[in-house]
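Chemist: Attaching a single structure in structure tokens format; questions to follow.
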Amino acid sequence: MLKVLVLDNAETLEYYNILSTLLPESQIELVTSTSIACARVQKSSYDLFVVSDIRDKINILDLCFGIKHSSYNRFATTIVVSDNPTALARCGDTLRGRKFRVYGHHEKPRVEKLLQALVENSIKEV
């Protein structure tokens, strides 16, 4: 069973809405605060992180750093969606060696297909 943590913009819930069409809501944990997401990363195990940048780009880096150093989440896949090239590069440097992908917001259709493929693959593995 795939367990997903989504850090999304509270106003749009774009990626949460995509995932809720693919998975039961019981498998998706939505947070709109980076500090809450960082705390959850240190206490629970997840298979997938979907991080859509919110107002403070630096907090995305904090979350990526937390994921990297979390003993619970060393095998998790992380997807970061941002239009800030500096934040994307720094997230990539932070998570190098992990299952990690970055996309711009203009690549939403690609991200949607990737999420669909990840969910389908997790269902086949069970």
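Values in this text are rule-based calculations from the coordinates and carry no lab data. Only a predicted model underlies this, so the values are computations on that prediction, with no experimental measurement involved. Note that we place each Cβ from the backbone using ideal geometry, even for glycine, and neighbour counts take in every protein chain shown.
Chemist: Got a sec to turn the phi values of the range 27-34 into Karplus ³J(HN,Hα) couplings, 6.51 cos²θ - 1.76 cosθ + 1.60 with θ = phi - 60°, whole Hz, x for Gly and Pro?
Modeler: With the stated coefficients, the range 27-34 comes to 9, 10, 10, 9, 10, 10, 10, 5 Hz.
Chemist: Here's a follow-up. If you put +1 on each Lys and Arg Cβ and -1 on each Asp and Glu Cβ, how big is the dipole of the chain around its Cα centre, in Debye rounded to 20?
Modeler: 520
Chemist: I've got another one for you. Quick one: compute the contact order of the chain, relative version, from alpha carbon pairs under 8 angstrom and 6+ residues apart, as a percent.
Modeler: Across the chain, relative contact order equals 25 percent.
Chemist: Further, regarding this structure: Whose amide H sits under 5 Å from the amide H of Leu48, counting only residues 5 or more places off or on another chain, with H placed in the peptide plane?
Modeler: Under 5 Å from the amide H of Leu48: Lys3, Leu5, Thr77.
Chemist: Right, something else. Using Cβ contacts closer than 10 Å as the measure, can you line up Glu14, Glu25, Glu107 from fewest to most?
Modeler: If I rank by nearby Cβ atoms, fewest first, I get Glu25, Glu107, Glu14.
Chemist: Quick one: Karplus J couplings for the range 108-121, per residue in order, coefficients 6.51, -1.76, 1.60, θ = phi - 60°, nearest Hz, x for Gly and Pro?
Modeler: 3, x, 5, 5, 4, 5, 4, 4, 4, 5, 4, 5, 4, 5
Chemist: Any idea which of Ser122, Gly97, Thr77 is furthest toward the positive side of the dipole for the range 76-126, if Lys and Arg beta-carbons carry +1 and Asp and Glu beta-carbons -1?
Modeler: Projecting each Cα onto the dipole axis, the largest value belongs to Gly97.
Chemist: While we're on this one: Less than 16 Å apart at the alpha-carbon level, and either on another chain or at least 8 residues along: which aspartates and glutamates does that give for Lys68?
Modeler: Asp47, Asp93
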